[in-house]
Every structure is written in C-alpha cells, then in structure tokens.
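Here is the structure we will look at, set down as structure tokens.
All of the numbers you see were taken from the coordinates with simple rules; none came from a lab. Bear in mind the structure is a predicted one, so any value in this text is a computation, not a measurement. No Cβ is skipped: glycine too gets one built from the backbone with ideal geometry, and neighbour counts run over all protein chains shown.
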Amino acid sequence: MGKDLNFYKKNGYLVKKNLIPLKTINKINKIVNDVVTKEKRKKTKIKNQGGTQSYDNYHFVYNSNTSKNKEILRLNNPQNRHRIFHNLSRNKKIISIVKKLIGGTVRFHLGKLNFKLPNKKKGSEIAWHQDWAFYPHTNDDLITVGIYLEDCFEKNGPLKIIKESHKKKLFSHHKNNYFVGKINTKINTIDLKKSISLVGTAGTVVFFHCRTIHGSGHNLMNSSRPLILFGYRACDAWPLINDGNPHPEVNYENYDKNIIIGKKAIKPRLTKVPTIIPLPKKKHFISIYQLQKN
C-alpha cells in the first residue's frame, strides 16, 4: 500500500483494476436496470430537472423536464434506499484504501449514480472542475471514489483528470460573480498535456483527491454509461458550508452516523488550504449539470 500512497500523493489519483468482483457488479447492474426502468415508466411531472437535494434525499436528476422520453443523468444517494449500494459504500476493500489515502479516519460524505447519456446528447458531459470548489472543509483530506459498473474506455466518455493538479491552484468556479461549478478555461490555462483518461473494465475502482481537476467528455456509444461515485472525508475535516449532504448543522446525529472509521469529535483540524466559498448561487442544492448549464 506504501507504493499506492506515494503514487496518490504525487499524482492525485489511483486506479485499482478489478477491485469489485463481477458477481457483485452484475447484482448491482440488475438493481440499476430495475430502478431506471421503473422510474422511466412513471408518469409524474418533472420540475426543475428533478429538484433539489437534501442530506437524506433520494432523487433523480434529468436532462430536461420532459416526462415522455426521460433522460436520467443521475440518481442521488442510492445508498439511502438500496442495501446493495449502502454495502458498496462501506465495502472493506474500498474503505481500507480510502483510510490509508486520507490519513486514518473515514466519514461518508455523499453518493451518486451517474449516467452518461449516449451519442453526443448535450447535458451529460462534465466541464473541468475541482470537487473542493463545491464543498470547502477545514482541511482537504477528502476523496472521491468512482466504481465502474461497465467497461469504460475512450469511446464512452471516461473520467479524465489532470494529474498532479491536486496540490496546485484552486481555480475560480464562478462566472459573472455567480458560482457555476466549472473552471473557465478561456481565462485559466489548464495543463491539458497532463490530462489522462481513467479507463478500466467493470469492477475497476478509481480514487482521486478533492482538489484534482477532472471532467468527462462525450459518450459516443448508443447506451448510457453508469458510474457510481462515493465521497468520503476525514473525521476531522469539517464542512465550511452546507452542500446538501450529511452536515452537522442540519442533523448532527446523522453526521456522526456517517463515521465509518474513527471516533466522534468536535475539534476540526485546520490546515492552510486555498478556499473560495461557492456563493452566491442562482439556485441551491442543485446538480453540477444544472450549475454548469448556467
């Protein structure tokens, strides 16, 4: 694990191939198909592309408000409704790696099941951004974990990251003084020579630092590509702002229930990290897709 830790510290990411057995992946995919089919059949009207999130929420985000051919971009917090996702978010192999990469304690932060829409459909490409811009904390021991439910290669719009960007600049994610959740690459030069695609087969798990610059392009295939994202934070990394996920000021008990490894404590660790508060926003607790569209 020392080799992995050194690699992560230097590059801001780590890829572990075949970490989750295909048997488990197949079970998850069956649930995903059932959930999506059921949702697409529902006749309920969509407002605000699926509405806003709150820490205990379970809801879909859509590409538009059209109920006819629902294009699902995301299911927020699948772990709150389905045992299989909850178990995956606490998977021993994943947590043991997270623990080493963020310094020994682990608190669950957020869960998302993303669907990259097929065939250049506008709406599911994600512009370059840093997760840290969305939820600054008292220190930056936060990590995002991506679990591939299908083989993910160049043709279906993989996650792309800028290696070694995690200890450099925090870019502004504002436009016209509003937080829009993306870096303006016309104004800011990003070293695209350091851009790499995190490709892998189903069962591959990727780990990347909350300050690593990342995004993803178009899916050139005919079907949606699913990806599970889980966020974790060190127990002494306390949020500076409520981002609609488990938050001490909203429900302190629930915040502590999300501790996976570590003890309850109310002493945050303060480190010298670059921070820009993600305000003002035109709308609160909406998805990155909606923010970036603005």
Scan the range 199-237 for residues that are of a type in the set (D, E, K, R) and buried (at least 23 other Cβ atoms within 10 Å of the Cβ) and report the count.
-> 2
Could you say which residue among SER89, SER96 is surrounded by 17 or more Cβ atoms within 10 Å (Cβ to Cβ) and closer than 18 Å to ILE260 by Cβ?
-> SER89
List every residue pair whose Cβ atoms sit under 6 Å apart, with the two residues 6 or more apart in sequence or on different chains, where the first one lies in the range 265-288 and is within 18 Å of VAL106 (Cα to Cα) and the second, anywhere, is surrounded by 15 or more Cβ atoms within 10 Å (Cβ to Cβ) and aromatic (Phe, Trp, Tyr).
-> PRO268/TRP238
Listing of strands (runs of 3 or more DSSP E) fully contained in the range 114-166 that carry 1 or more residues being charged (D, E, K, R) and in contact with a Phe, Trp or Tyr (Cβ under 9 Å, 6 or more places away or on another chain) | 159-162
Is one or more of the residues making up the range 124-144 touching a residue at least 40 places away in the same chain (Cβ under 8 Å), surrounded by 21 or more Cβ atoms within 10 Å (Cβ to Cβ), of a type outside the set (D, E, K, R) and under 16 Å from VAL205 (Cβ atoms)?
-> yes
Does the range 237-257 hold any residues that are in contact (Cβ under 8 Å) with a residue 24 or more places away in the chain, under 21 Å from PRO278 (Cα atoms), in a loop (DSSP other than H, G, I, E, B) and of a type outside the set (Asp, Glu), and which are they?
-> ALA237, TRP238, LEU240, ILE241, GLY244, ASN245, PRO246, HIS247, VAL250
Could you please tell me which pairs satisfy a Cβ distance under 6 Å, a separation of 6+ or placement on different chains, a first residue in the range 83-97 that is farther than 18 Å from LEU142 by Cβ, and a second residue that is crowded, with 21+ Cβ neighbours inside 10 Å?
-> ILE84/ILE28; PHE85/PRO78; PHE85/GLN79; HIS86/GLN79
